[in-house]
1. Mind checking the full-extension length gain between MET1 and GLN91? Use 0.36 nm per residue of separation minus the Cα-Cα distance, one decimal, nm.
2. Just to check I understand the Karplus step: with θ = phi - 60° and J = 6.51 cos²θ - 1.76 cosθ + 1.60, what whole-Hz values come out for segment 112-121, glycine and proline as x?
3. Over segment 1-119, what is the mean sequence separation of C-alpha contacts under 8 Å (at least six apart), divided by residue count, expressed as relative contact order in percent?
4. Starting from segment 62-129, pick out the trypsin sites (Lys or Arg not before Pro) whose DSSP state is loop and whose Cβ has at most 13 other Cβ atoms within 10 Å.
5. What residues qualify as long-range amide H neighbours of SER42, i.e. H under 5 Å apart, gap of 5 or more or another chain, H built at 1.01 Å from N?
6. Per residue of segment 78-84, what does 6.51 cos²θ - 1.76 cosθ + 1.60 with θ = phi - 60° give for ³J(HN,Hα)? Whole Hz please, x for Gly and Pro, Karplus curve as stated.
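Bear in mind these aren't lab numbers, they're just calculated from the coordinates by the rules spelled out. Owing to the predicted nature of the structure, the values given are computational and were not obtained by experimental measurement. All Cβ positions, glycine included, derive from the backbone under ideal geometry; neighbour counts span all protein chains shown.
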Amino acid sequence: MALTSTETRNLERVRGLYRDVLDPHDRTRLAEYLVPGYIQHSPEATDGLGGIGDFLDWLKRDHPGHRNHIQRMFAQDDHVIVHLRVTVPGQADLAVVDIFRLDATGMIAEHWDIVQRVPENPKNGNGMF
């Protein structure tokens, strides 16, 4: 099934968030992508632009080599799901699923995530990505 124009816009918007904000840990561009009343469901950050900004500052300070490697993205209506591999030098990689809800103007309004360490010795050879 083909994506709607809104779904395509939302995919590109979330891709831009990773490129311009999350990977460079740049809190100065948050207002370009997120609504001021941004709702955060991740236990690692508080609500609003300040909460995610503080999280980005922590990453920049304590884990400057942190990077997101998008494996696949999905869009349905006002939601975008991103499956990614997160690398942090000196630590086990993480398998992450980020879920975003965008408002009618294409601004990111809400976020959920699921985070799982990539095991060294999985019980199957299928891989997480």
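1. Working: separation 90, 0.36 × 90 = 32.40 nm, distance 3.87 nm.
Full extension from MET1 to GLN91 adds 28.5 nm.
2. 10, 8, 10, 10, 9, 5, 7, x, 5, 10
3. That works out to 26 percent.
4. Details: sites: ARG67, ARG72, ARG85, ARG101, ARG117, LYS123; in loops: LYS123.
Answer in residue order: LYS123.
5. ASP113
6. 9, 10, 10, 10, 10, 9, 9
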